[in-house]
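Note sheet for the following structure.
The values are calculated or read from the model by the stated rules, or taken from the named source; none is laboratory data. It should be emphasised that the depicted structure is a prediction, and the values quoted were computed from it without experimental measurement. Here Cβ is always computed from backbone atoms with ideal geometry, including for glycine, and neighbour counts include all displayed protein chains. Ligands, DNA and RNA are stripped out before the accessible areas are found, and what is left, the full protein with its side chains, is counted by its heavy atoms. Shrake-Rupley method; radii C 1.70, N 1.55, O 1.52, S 1.80 Å.
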Amino acid sequence: MGNSTFEEEIQRTGELVYTNVGYSMMPLIRQHRDLVVIKKPQGRCRKYDVPLYKRADGKYILHRILAVRPQDYVIRGDNCWKKEYGITDSQIVGVLSAVVRDGKTIPVTDWRYQAYARLWHASFPARAAFLPCRVLLGRIRRKLRK
């Protein structure tokens, strides 16, 4: 890829393959271990698509679409709690087309991936209810280590 931007790479080759940095898409994408394949978007994105978009501060973010609205999208990472509103088509650089995990390519069209996306989204209320317990356990664990 050299020193080209993500946009330039997608424009030049039609896709972008890179190792993810960050935990916001865990457990689907593991930091520094899995590869993501990003392709140029074909029209508007749909619910459960995972776009790569560029924020106003220049950061590239890879999160899942929760809702498609007429002018924008509501987006959240699989391992995040806050929704992000107002992501527009002009900010979207590409869309996840596959994940390469342990040498195996998992296309987003695979039924297992589709089931994961829907189940993970549907389980959010239960995971959100568990968060305070997880935080409390972490605090107790840290106090015990002192």
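Just the residues that are over 16 Å from Gln42 (Cα atoms) and part of a strand (DSSP E or B), please, taken from the range 12-28.
Matches in the range 12-28: Val17, Tyr18, Thr19.
Here is a yes/no grid of residues against (1) under 16 Å from Ser24 (Cβ atoms); (2) among the basic types (Lys, Arg):
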position	(1), (2)
Arg55	yes, yes
Ile65	yes, no
Val95	no, no
Cys133	no, no
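Could you check Lys54 against (1) surrounded by 15 or more Cβ atoms within 10 Å (Cβ to Cβ); (2) over 17 Å from Ser97 (Cα atoms); (3) under 12 Å from the mean Cα position of the chain (by Cα) and say which number it fails?
Unmet for Lys54, out of (1) surrounded by 15 or more Cβ atoms within 10 Å (Cβ to Cβ); (2) over 17 Å from Ser97 (Cα atoms); (3) under 12 Å from the mean Cα position of the chain (by Cα): (3).
What is the residue count in the range 67-111 for residues that are basic (Lys, Arg), part of a strand (DSSP E or B) and either touching a residue at least 60 places away in the same chain (Cβ under 8 Å) or open to solvent by 50 Å² or more (accessible area, probe 1.4 Å) (or both)?
Of the residues in that region, 2 qualify.
Does Ala128 qualify as being open to solvent by less than 50 Å² (accessible area, probe 1.4 Å) and within 15 Å of the chain's Cα centre (by Cα)? Write out each step before concluding.
Details: open to solvent by less than 50 Å² (accessible area, probe 1.4 Å): yes; within 15 Å of the chain's Cα centre (by Cα): no.
Taking the combined requirement at face value, the residue does not satisfy it.
Do the conditions hold for Leu131, that is, is it free of Cβ contacts under 8 Å to residues at least 12 places away in the same chain, part of a helix (DSSP H, G or I) and of a type in the set (A, V, I, L, M)?
Numbers: free of Cβ contacts under 8 Å to residues at least 12 places away in the same chain: no; part of a helix (DSSP H, G or I): yes; of a type in the set (A, V, I, L, M): yes.
When the stated conditions are applied, Leu131 does not pass them.
I want to confirm something. Restricting to the range 8-47 and keeping residues that are in contact (Cβ under 8 Å) with a residue 60 or more places away in the chain and open to solvent by less than 40 Å² (accessible area, probe 1.4 Å), which single residue is farthest from Val100 (Cα to Cα)?
Ranking the qualifying residues of the range 8-47, first place goes to Ile10.
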